[in-house]
Every structure is written in structure tokens, then in C-alpha cells.
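The values are calculated or read from the model by the stated rules, or taken from the named source; none is laboratory data. Keep in mind that this is a model prediction, so the values were computed, not measured. Glycine also receives a Cβ, built like all others from the backbone with ideal geometry; neighbour counts cover every protein chain displayed. Accessible surface is based on the protein model in full, side chains and every heavy atom, while ligands, DNA and RNA are left aside. Shrake-Rupley method; radii C 1.70, N 1.55, O 1.52, S 1.80 Å.
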Amino acid sequence: MHFDTLALRATHHPDPDTGDVVAPIHLSTTFARNEANELPANYTYARPNNPTREALEKALAMLEGGTVGMAFGSGQAATMTLFQALRPGDHVLLSTDAYYGTPALLEQVFHPWGLTYTRVHMNDLDAVKASIHENTRVVWCETPSNPMLDITDLLSVSRLAHEVGAICVCDNTWATPVLQRPLDLNCDVVMHSTTKYLSGHSDVLGGALIFKRDNEFTQRVRMLQGLSGAVPSPFDCWLVSRGIKTLGVRVRAQSATAQAVADFLDDHPAVEKIHYPGLANHPDRAIIHQQMNGPGAMLSVQVKGGQEKALQFIGKLKLFARATSLGGVESLIEHRASVEGLTSATPKNLLRVSIGLEHAEDLIADLAQALR
Ligand SMILES: *Cc1c(COP(=O)(O)O)cnc(C)c1O
């Protein structure tokens with residue numbers, strides 16, 4: 001089945017009793033037993049499980065080709081719950097470039113609780129090999145990464161992780177399952193911020209984990225999900241399920257526009273460097289070709305003249321919202337170092353761009369007038 005058909009099959013459950021074409025939202029927090037004290041279905045209480053969340057979780061598993069999906073109240077809640085399943089003394093290997101909240105959780109929360117972690121350039125396979133130890137339990141990749149769009153060879157890194165019995169996790173938020181399916185590339189777990197492309201309209205916060213196998217580790221994360229309750233509301237689950245129905249068309253259209261924008265910026269004299277998987281001379285184009293179906297709709301651009309020129313440039317834009325986040329239908333641009341704060345290692349002249357569904361010619365005209 002093609003992705004678009006799968007996305008509709010996964011989120012469409014006609015109700016035999018009512019004929020509903022669209023799934024209802026189950027708001028009940030509790031579920032009644034019959035006279036014999038039996039439950040009619042597998043639901044007891046909404047924290048461990050409820051029908052609307054379960055529908056989303058099954059859809060997520062189908063989209064990524066996994067066996068178990070779990071939905072959370074945010075991407076960070078998903079990441080947090082996975083790390084909570086580890087034990088003191090375990091080691092995590094994380095890429096140098098990653099969503100800033102992932103190392104922040106490791107440093108601020110889990111390091112004091114006894115997890116150790118190391119950061120490494122995931123595209124340097126010798127360095128990855130040298131950084132994986134006997135107690136390494138998780139190798140955490142993010143590709144393309146935030147905000148430098150570094151590419152990780154998922155097949156090679158997952159092989160190195162498996163040599164010591166570690167699991168390979170991929171934050172697939174930027175690529176989405178439309179463009180990249182890490183579980184097909186031997187990763188064990190996919191993480192998503194569903195706040196981004198999966199919901200797609202900048203109006204819901206959510207996260208997900210999708211597991212290739214239903215094993216002891218998966219069950220431990222499931223236990224923590226129900227016990228700690230960092231779970232999304234039924235309405236939030238329903239919004240993410242609705243977003244998934246149009247994920248394929250949105251991501252392909254946004255990706256095509258991003259390619260046009262990247263080509264325009266790449267040739268522009270005011271631009272120092274552009275980071276985008278679709279560039280014809282990209283150093284990792286062989287890996288990109290092997291593991292992605294398209295370049296995606298995120299790009300970062302470094303302008304000439306440092307932070308001052310970067311801020312002047314975005315101040316003149318009329319069609320881009322100067323806002324953090326990504327993956328919605330409206331184009332966003334942000335000065336990443338300002339968002340990440342004083343500890344940020346992001347170049348001061350870097351602007352991160354999330355391309356939406358506006359017409360490419362209008363976006364390019366806006367960028368051209370602001371760079372003039
Ligand atoms: C936004 C984002 C996250 C965090 O997700 P939240 O839903 O904001 O908690 C994690 N990883 C990546 C790549 C992201 O873009």
C-alpha cells in the first residue's frame with residue numbers, strides 16, 4: 001500500500017452502529033463493568049488507555065511500520081518516558097546536533113539520577129564505534145538534525161548499536177514517515193513530536209514513540225506511560241489523527257516548495273551557507289538517496305554579516321511568521337540562537353526556516369525583497 005492510502009486506512013474507522021465516517025472523541029475518564037464485574041472492552045481508566053488514544057497509537061504504528069505505538073502529551077514527554085525506562089549506570093549516546101531539549105533532559109534530569117551520556121558526530125562512524133560501550137543502552141539519532149540538518153546513516157549506526165545490544169532510537173520529527181521510515185532501516189524505536197508535521201496545523205502539542213518489537217523494554221515504557229501519565233487528551237489525539245490524513249500531500253507539497261526556496265537562497269550573494277538535504281552538491285547525498293524519499297521542508301540558512309544582518313533580514317519579511325516550532329501549514333522563520341539561549345552552540349547568523357503551504361513564488365519574492 002502507498003503511504004497516502006495507508007494514512008487514510010490507519011485513521012478511518014467506520015462505526016458499524018452509527019455509520020460514522022469520522023471517529024468520535026471518547027471523553028470518558030472511566031469505564032463501567034457489568035453485573036458480573038466484567039469490562040466490555042479493554043478500558044478501565046483513561047490514563048492507562050482510552051479508545052481515542054488507542055486509535056491514534058495504532059495509526060502511528062502502521063505509518064512507521066512498527067508493532068506498538070504510544071502517544072504522549074508532547075515530544076519531550078515521549079523522550080522523557082523512554083529515558084525513564086533506563087536504569088542508573090546505563091549510558092546514552094546522542095548526536096552532537098539534536099533538538100536542544102533532548103540533551104537538556106539528559107543533563108538536567110537524568111544525569112543527576114545516574115544516567116551517563118556522551119555526544120558524538122553521528123556521521124563519523126569511527127567516533128560512534130569508539131563511543132559505544134558495554135553499558136550503552138540507547139543510541140539516539142536525529143536525522144535530518146535540528147538545526148544543522150546533519151544526516152545520520154541509520155543502517156550503519158543501528159548496526160553499531162546492536163553489536164553491544166543497545167537500541168537505536170531515531171527522532172523522525174523532521175523527516176516524517178512520508179520521507180523516511182527508520183524502523184525499515186533497522187532502528188528499534190521512532191520518536192516524534194506530533195506537534196509538528198503529524199498534526200500539521202500548529203494547534204496541538206503531542207509526542208509519540210513507535211516500537212519495532214513488543215518486547216520487555218517496550219512493555220516497561222508502556223507501564224511508565226500509564227503510571228506517570230504524560231499522556232495527551234482525547235481531543236489532542238483526535239487532532240493528531242486528523243492531521244495524519246493529509247500528512248502525505250502536505251509534506252510532499254511543502255518539500256517541493258522548500259527545494260525551490262533552497263535553490264534560490266543557495267545562489268543569493270547575501271547568503272553565506274545553506275543547510276538542506278536537497279542541495280545537488282550535498283556531501284551526504286548517497287545516504288540521503290538511500291534512506292529518504294525527499295529532502296523535506298526544513299532548511300537553515302546562514303547569512304553574511306552575522307547576527308545583526310540576520311535579525312535585520314527577518315525583520316523585513318512579510319509572509320513568514322517570526323516564530324519557533326515547525327511543520328505547520330504557515331511558513332515560519334526563527335533566529336535559532338536567540339531561542340536556545342546563552343548556552344547555544346548554533347551559529348549566530350543562522351536562521352531556521354519551516355516552509356508551509358504558501359506558493360513558492362510568493363515566498364521567494366518575500367525573501368528576495370528582505371535580502372535586498
Ligand atoms: C519540537 C521537537 C521536539 C520536542 O517536541 P515537543 O512537542 O515540543 O515537546 C523534539 N524533537 C524535534 C526534532 C523537534 O522538532
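A few points about this structure:
- Which listed residue is farther than 30 Å from Val249 by Cβ and either open to solvent by 50 Å² or more (accessible area, probe 1.4 Å) or of a type outside the set (D, E, K, R) (or both), from Val169, Val190, Val128: Val128
- Looking only at the range 1-29, and only at residues there that are of a type in the set (S, T, N, Q) and over 14 Å from Leu239 (Cα atoms), the one that is surrounded by the most Cβ atoms within 10 Å (Cβ to Cβ): Ser28
- Scanning the range 143-150 turns up no residue that is more than 13 Å from the ligand (Cβ to nearest atom) and under 17 Å from the mean Cα position of the chain (by Cα).
- Filter result (at pLDDT 95 or above and not in a helix (DSSP H, G or I)) within the range 245-267: Thr246
- No other residue among Ala32, Ala36, Ala78 is open to solvent by less than 20 Å² (accessible area, probe 1.4 Å) and either among the small types (Gly, Ala, Ser) or assigned to a helix (DSSP H, G or I) (or both) apart from Ala78.
- Each residue in the range 95-132 was checked for being in a loop (DSSP other than H, G, I, E, B) and either out of contact with any Cys (no Cβ under 8 Å at 6 or more places or on another chain) or more than 16 Å from the ligand (Cβ to nearest atom) (or both), and 14 pass.
- Applying the criterion of being away from the ligand (no atom under 16 Å from the Cβ) and within 15 Å of the chain's Cα centre (by Cα) to the residues of the range 169-187, the residue that is nearest to Leu82 (Cα to Cα) is Leu183.
- Of all residues in the range 90-115 being in contact with a Leu (Cβ under 9 Å, 6 or more places away or on another chain), within 14 Å of Ala166 (Cβ to Cβ) and of a type outside the set (D, E, K, R), the one that is surrounded by the most Cβ atoms within 10 Å (Cβ to Cβ): Val92
- Conditions (1) in contact (Cβ under 8 Å) with a residue 40 or more places away in the chain; (2) within 16 Å of the ligand (Cβ to nearest atom); (3) open to solvent by less than 10 Å² (accessible area, probe 1.4 Å); (4) out of contact with any Lys or Arg (no Cβ under 8 Å at 6 or more places or on another chain): number failed by Leu205: (3)
- Filtered residues of the range 52-94 (kept if within 14 Å of the ligand (Cβ to nearest atom), touching a Lys or Arg at 6+ places or on another chain (Cβ under 6 Å) and within 17 Å of Arg222 (Cα to Cα)): Ala71
- Check on Thr52, more than 26 Å from Leu106 (Cβ to Cβ), hydroxyl-bearing (Ser, Thr, Tyr) and assigned to a helix (DSSP H, G or I): yes
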